[in-house]
1. If each of Leu336 and Arg207 carries a label point 7 Å out from its Cα toward its Cβ, how far apart are those two points in nm?
2. Ranked from highest to lowest mean number of other Cβ atoms within 10 Å per residue, what is the order of the peptides 321-334, 207-220, 139-152, 225-238?
3. Figure the gain on full extension for Tyr321 and Leu62 (residue separation times 0.36 nm, minus the Cα-Cα span) and round it to one decimal in nm.
4. For the peptides 172-183, 290-301, what is the packing order when you average, over each peptide's residues, the other Cβ atoms within 10 Å and list the highest mean first?
5. Which FRET efficiency, nearest 0.05, do Asn250 and Thr221 yield, Cβ-Cβ r, R0 22 Å?
6. Mind ranking 70-78, 99-107 by how tightly packed they are, going by the mean number of other C-beta atoms within 10 angstrom, highest first?
Amino acid sequence: MRGRLVTFERPLLLLTLLVVPLAVALYVLAERRRMRYAIRFTNLDVLAGVVGDRYLRRFVPLALFLLALAALCIGMARPEHTTLVPRDRATVILVVDVSRSMEAKDVKPNRIGAATAAVRTFLDRVPARLQVGLIAFAGDPAVATPPTTNHDLVRKSLDTIEWFPSFGGTAIGDALAAAVKLGQQAVSGASGNLASATTAAPDTQTRGLVSILFLSDGAQTRGELEPLQGAERAKVAGIPVYTVALGTPNGALYFGGGFPGAGPFGGHRVPVPPDPATLRAIADRTGGEFFAAQSAKSLQAAYKRLGSRLGRKPGESEITYGFLAGAALLLVAAGLLSALWSPRLP
């Protein structure tokens, strides 16, 4: 939720704002009485010289006083604004593709390096009590970190998967099923492995408590479940999947000299473009959101945004003290300006 709607716990007390126009009316009445005496002063040139350009300054302290009065009245009504607050028992399952294509360098320093850096940014922004699990997948999914509130464990696992080569293809559907099962286990408190991840998931209360953040850089090449079959598992469980397609259409691996990524003069070129259409379809089917990341900067931006949203829910936060503090500052400013600018007869 981007917008912040202000509501009031005691809206009837907003009627106290009527004292502001009442104060204005009293001031105007007092000014009219003062003008009667001013007209009786026969030497108007002398009077103008005394007042001079200080005439308007009289209204600045008054305006500050009225603003302070209005802020006090609003504060009495106990204003609140709707914002995102941490959700109890919330879990996010991070799923990261570690297939061979993640060694491509079209995203700097390479795809897997940019991905792990973005996940660390995500961990820096999520609520401290959010449970975070990590699954790495290529041809098969594997739990790198079970869901935990100890985010340092997840960070340590990232150091491991970044240097973990995998040659088994890309099983997007199976990885989704594994993430759904792991999320359900985290909410229900059950334990177990992912041996049965591609079987029907148990009916547990995951709706609104579990989210999956899924990153891949290629199309499915193997696995028991098709990508949309895995997405259907998430949809039935009420788990939104936020997908990130990492890489550029021209991304490629180069084989030559005994190592990949040697460059255009290093040997055989193997294209490894991402598959944004499939990942977008997964997000659409599960009620999540799709992101296309063709650079480390755009990947960081996506994970920053999701780190500020996932694991949270709309909640009310009272801002009464902000209005009271503002009223106090306005009163002090009005008093100081009134003392400095009050006209004094010579």
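1. 5.6 nm
2. Packing order, densest peptide first, comes out as 207-220, 225-238, 139-152, 321-334.
3. 91.0 nm
4. Final packing ranking: 172-183, 290-301.
5. FRET efficiency, Asn250 to Thr221: 0.70.
6. Packing proxy ranking, top to bottom: 99-107, 70-78.
Since every read-out is calculated from the coordinates, none of them should be taken as a lab result. These numbers were taken from a predicted model, which means no experiment stands behind them. Glycine gets a Cβ as well: all are built from the backbone with ideal geometry, and neighbour counts include every protein chain shown.
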